[in-house]
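Have a look at the structure below before the remarks.
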Amino acid sequence: MTSDNDGNDKHETIRRAKQELRKRIRRAMKELNDQDVQEQSSKVWQRVFQLPVYQSAQTVGVFLSMPHGEINTDGLIADCVQRGKTLYVPEVGKNFEHCDMELRKVELDEDPDPQFHKKWPTNKWNIPEPPGDMPVLAAQPGELDLVIMPGLAFDRSRNRLGQGKGYYDRFLARMKSSDKALPLVAVALSPQLVEDVSIPVTEYDQPMDMVVLPDEVIGSLEA
């Protein structure tokens, strides 16, 4: 029999291991200059464009990237617009204290600007936030064909380490209420793949279906 203290100790050990891994990956990401980030991001975009699950998706959830420290998603967003896909993007600005996130449906003009989000106000991480009058995604995955996921680090088992706030963990937990599986494709730069250790996980951490990197794709997913 496992005591409550044993469970608490295990979660504390995992929490500390995650903290150390975050420090390590953030140091590695700081070694990349803007050109490195852009070149690697472009390679990831091209790999995503070739995925059958992306090509067939009509409705896509995608994150808007931070100015520094992660992959640039501008090319993914522009391609979705050009292909006429319906986009949902995160809003967290009103929910900092509770670490909650909503996805809002992007409503575009008949002649849309592929860089529409550049005109939006930014939150405290300098990430553009969608207008508050855009429709919120219902708490079921049926409205989405694909979610393109951020993350700080990934391993070859497709485990994900986030930034530590739990926005996506809570969002994915809400999406689990339906029988329809929600395809999760993570995108990342080369330093974000952890080869020497497994990412520590708890029962709240959901693995990705695929992880797309500049030089490879880990995992598979039928369209």
Note to self: If I filter segment 16-36 down to residues being among the charged types (D, E, K, R) and under 14 Å from residue 160 (Cα atoms), which single residue comes out as nearest to the chain's Cα centre (by Cα)?
What the structure shows: 22
Check: residue 156 passes all but one of (1) within 25 Å of residue 28 (Cβ to Cβ); (2) surrounded by fewer than 20 Cβ atoms within 10 Å (Cβ to Cβ); (3) touching a helix residue (DSSP H, G or I) at 6+ places or on another chain (Cβ under 9 Å); which number fails?
Finding: (3)
Item checked: Where residue 77 falls short, out of the listed (1) free of Cβ contacts under 8 Å to residues at least 60 places away in the same chain; (2) buried (at least 19 other Cβ atoms within 10 Å of the Cβ); (3) out of contact with any helix residue (DSSP H, G or I) (no Cβ under 8 Å at 6 or more places or on another chain) -> (3)
Checklist line | Where a residue in segment 147-158 is free of Cβ contacts under 8 Å to residues at least 60 places away in the same chain and polar (S, T, N, Q) and its partner, wherever it lies, is surrounded by fewer than 22 Cβ atoms within 10 Å (Cβ to Cβ) and not in a strand (DSSP E or B), with Cβ under 7 Å and at least six apart | finding: 157/198; 157/207
Next item on the list: Starting from residues that are in a loop (DSSP other than H, G, I, E, B) and over 12 Å from the mean Cα position of the chain (by Cα), keep the ones in segment 159-171 and report whichever is surrounded by the most Cβ atoms within 10 Å (Cβ to Cβ).
Entry: 159
Notebook entry, point to check: If you check every pair at least six apart or on different chains, which have Cβ atoms under 6 Å apart with a residue in segment 202-223 that is of a type in the set (Asp, Glu) first and a residue that is modelled with pLDDT under 90 second?
Noted result: 209/221
Notebook entry, point to check: What is the number of the single condition among (1) basic (Lys, Arg); (2) under 21 Å from residue 125 (Cβ atoms); (3) modelled with pLDDT of 95 or more that residue 94 does not meet?
Noted result: (3)
Margin query: For segment 38-85, which positions are under 17 Å from the mean Cα position of the chain (by Cα) and at positive phi?
Written below: 69
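Is it the case, given these coordinates, that residue 51 is within 28 Å of residue 142 (Cα to Cα) and crowded, with 17+ Cβ neighbours inside 10 Å?
Values: within 28 Å of residue 142 (Cα to Cα): yes; crowded, with 17+ Cβ neighbours inside 10 Å: yes.
It is true that residue 51 is within 28 Å of residue 142 (Cα to Cα) and crowded, with 17+ Cβ neighbours inside 10 Å.
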Notebook entry, point to check: Which is more than 22 Å from residue 88 (Cβ to Cβ), among the charged types (D, E, K, R) and either at pLDDT 95 or above or under 17 Å from the mean Cα position of the chain (by Cα) (or both), of 215, 209?
Noted result: 215
Margin query: Restricting to segment 124-140, and then to whatever is aliphatic (A, V, I, L, M) and either surrounded by 15 or more Cβ atoms within 10 Å (Cβ to Cβ) or not in a loop (DSSP other than H, G, I, E, B) (or both), can you tell me which residue is farthest from the chain's Cα centre (by Cα)?
Written below: 134
Checklist line | Close pairs (8 angstrom Cβ cut-off, 6 or more residues apart or separate chains): touching a residue at least 12 places away in the same chain (Cβ under 8 Å) in segment 181-199, of a type in the set (Lys, Arg) and not in a strand (DSSP E or B) anywhere | finding: 186/158; 193/156; 195/156; 199/18
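Mind checking whether some residue in segment 145-152 is crowded, with 17+ Cβ neighbours inside 10 Å, at pLDDT below 90 and not in a loop (DSSP other than H, G, I, E, B)? Walk me through how you get there before you give the answer.
In the first step, residues of segment 145-152 are kept if they are crowded, with 17+ Cβ neighbours inside 10 Å; the result is 145-152.
After this cut, where a residue has to be at pLDDT below 90 as well, the list is none.
No, the conditions are met nowhere in segment 145-152.
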Notebook entry, point to check: So which of 156, 174 is charged (D, E, K, R), on the phi < 0 side of the Ramachandran plot and either under 15 Å from the mean Cα position of the chain (by Cα) or part of a loop (DSSP other than H, G, I, E, B) (or both)?
Noted result: 156
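The values are calculated or read from the model by the stated rules, or taken from the named source; none is laboratory data. Because the structure is predicted, anything quoted here is derived from the model rather than measured. Note that we place each Cβ from the backbone using ideal geometry, even for glycine, and neighbour counts take in every protein chain shown.
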